[in-house]
Amino acid sequence: MSKSSGWDQRLQVAAGGKGLVGHAGAVLLRRCADRTGLAWALNAVLPRGAGPGWWDRGTVLICLATAIVLGATSMSDIGLLAHQALVFAEPPSEATVRRALAGLDETALRRIAKARAKARARVWELLERRPQGFPWLLVAGKLLTGWVVIDLDATLITAHSDKQGAAATFKKGFGFHPLGAWCANTSESLAMLLRPG
């Protein structure tokens with residue numbers, strides 16, 4: 001399932017030297033996306049283009065997710081990946097990110113969901129192969145083998161301006177109030193329902 005370009009095969013961990021990369025944790029995230037087949041699966045289900053400077057939309061989404069982990073809060077923050085240029089090459093431009101997101105319709109979103117589900121199944125298969133097995137939960141001294149527990153919870157995200165969809169929160173602040181679903185076994189975010197404050 002995983003098709004890698006091999007960019008990560010020449011990496012090494014060193015305490016000093018030249019050609020070092022800031023935000024090194026992003027390398028592990030990007031490598032995980034490649035090794036689990038997520039990057040390849042996204043590129044396979046999203047439309048491709050041709051010509052000089054064309055970015056595969058799946059790769060743009062992986063870059064955007066990596067930038068968010070590094071602290072990006074807007075499309076222009078894709079520039080955070082410039083620190084990674086020695087590893088990944090130059091990041092996509094803000095305009096490229098904007099075009100990639102604008103091109104996502106309901107059909108593309110369903111395809112993305114299927115690609116993510118396929119990659120998640122692969123990761124869970126790998127987790128199960130570990131010596132300690134899949135991370136089943138221990139509740140009140142009882143191991144819940146075979147149970148996948150979904151934790152539903154809301155969170156408040158403060159908005160510092162009158163952004164689209166922001167509203168007064170129940171705590172009298174201003175922002176958003178997304179409802180999230182997390183897999184308690186693996187701590188991964190499964191879904192997010194965006195709601196006004």
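The values are calculated or read from the model by the stated rules, or taken from the named source; none is laboratory data. In this text the structure is predicted, and so the values were computed from the model without any measurement. Cβ placement follows ideal geometry from the backbone for every residue including glycine, while neighbour counts extend to all protein chains displayed. Heavy atoms of the whole protein, side chains included, go into the accessibility calculation; ligands, DNA and RNA do not. Shrake-Rupley method; radii C 1.70, N 1.55, O 1.52, S 1.80 Å.
For this structure, a couple of remarks:
- Segment Ala108..Lys142, full-extension length gain: 8.1 nm, with 0.36 nm per residue of separation and the alpha-carbon distance subtracted.
- Magnitude of the charge dipole for segment 86-182, about its Cα centre and with charges confined to Cβ atoms of Lys, Arg (+1) and Asp, Glu (-1), is about 240 debye.
- With all protein chains in place and ligands, DNA and RNA left out, the 1.4 Å accessible area ranks Trp55, Trp147 as Trp147, Trp55, largest first.
- Since only Ala140, Pro178, Ser74 are under comparison, the one whose Cα sits farthest along the positive direction of the charge dipole of segment 45-197, derived from C-beta charges on Lys, Arg, Asp and Glu, is Ala140.
- Cβ-placed point charges (K, R +1; D, E -1), dipole of segment 31-94 about Cα centre in debye, nearest 20: 220 debye
- In order along segment 59-72, phi translates into HN-Hα couplings of 5, 4, 5, 5, 4, 5, 4, 4, 5, 4, 4, 7, x, 4 Hz, rounded to whole numbers, per the Karplus curve 6.51 cos²θ - 1.76 cosθ + 1.60 with θ = phi - 60° and x for Gly and Pro.
- Annotation: Glu106 carries an accessible surface of approximately 120 Å², with a 1.4 Å probe and no ligand, DNA or RNA atoms counted.
- For segment 93-173: rounded, prolate or oblate by the Cα gyration tensor [a/c cutoff 1.5]: oblate
- Rounded to the nearest 10 Å², the accessible area of Thr145 at probe 1.4 Å: 90 Å²
- Other residues within the sphere of radius under 14 Å centred on the Cβ of Asp105, judged by their own Cβ, net out at +3 (K and R +1, D and E -1).
- Rounded to the nearest 0.05, the FRET efficiency derived from the C-beta distance between Glu128 and Ala191 at R0 = 25 Å is 0.65.
- J(HN,Hα) series, segment 147-158, from Karplus relation 6.51 cos²θ - 1.76 cosθ + 1.60, nearest Hz, glycine and proline x: 9, 9, 9, 9, 9, 9, 7, 9, 9, 9, 10, 6
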